[in-house]
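As structure tokens, the structure follows; a few thoughts come after it.
The values are calculated or read from the model by the stated rules, or taken from the named source; none is laboratory data. In this text the structure is predicted, and so the values were computed from the model without any measurement. Note that each Cβ is placed from the backbone with ideal geometry, even for glycine, and that neighbours are counted across all protein chains shown. With ligands, DNA and RNA removed, areas are computed over all heavy atoms of the protein, side chains included. Shrake-Rupley method; radii C 1.70, N 1.55, O 1.52, S 1.80 Å.
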Amino acid sequence: MAREGEISRRAFLGGVAALALRPSSGQAAARASLAADPLVLTKRVQKLYKIAGCRQPNDLQFVADGLWVLDQVDPNKAFKVRPEDGSVIQELQTESIHGSGITYGNGALWIGSTKMSDPATPPRTLKVDPKTGKTLKSW
């Protein structure tokens, strides 16, 4: 906590970020011209495959031996699949509810869980065992 007359680290970094994001006059002119003449790009999504057992794929994370996919259906399952064809390599039942992010690092899956089984519990970040699906730690 900052003492009187000192600026906190959070306030300092927030101010630096605000300055870095402030548009220059050239950027402002470019934005104004884009707003006057919007550029429309048309794209088409091509679904390559469906993952067996995954009803609402929400989040993805590539790893050396596959692709982790988090299913948004509660409680969330995580699937490791072959990216080429979507075939399931591994399926885990996690303790995450309303999962909204998955990544892999330091030997664990990390899942952002926006709800828990007790509605009074705030959103959590779960460190999950990638072999069993059990929560190792929760923040």
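Just a few scattered comments:
- Residue match in region 106-113 (condition: in a loop (DSSP other than H, G, I, E, B) and without any contact (Cβ under 8 Å) to a residue 24 or more places away in the chain): yes
- Any hit, region 84-94, residues being assigned to a strand (DSSP E or B), at pLDDT 85 or above, more than 19 Å from residue 136 (Cα to Cα) and of a type outside the set (Lys, Arg): yes
- Residues (surrounded by 13 or more Cβ atoms within 10 Å (Cβ to Cβ) and either without any contact (Cβ under 8 Å) to a residue 40 or more places away in the chain or touching a Gly at 6+ places or on another chain (Cβ under 8 Å) (or both)) located in region 43-72: 51, 54, 57, 58, 59, 66, 67, 69, 70, 71, 72
- Region 125-139: number of residues that are outside any strand (DSSP E or B), open to solvent by less than 90 Å² (accessible area, probe 1.4 Å) and at pLDDT below 90: 0
- Restricting attention to region 82-124 and to residues that are open to solvent by less than 60 Å² (accessible area, probe 1.4 Å) and polar (S, T, N, Q), the residue that is nearest to residue 61 (Cα to Cα) turns out to be 103.
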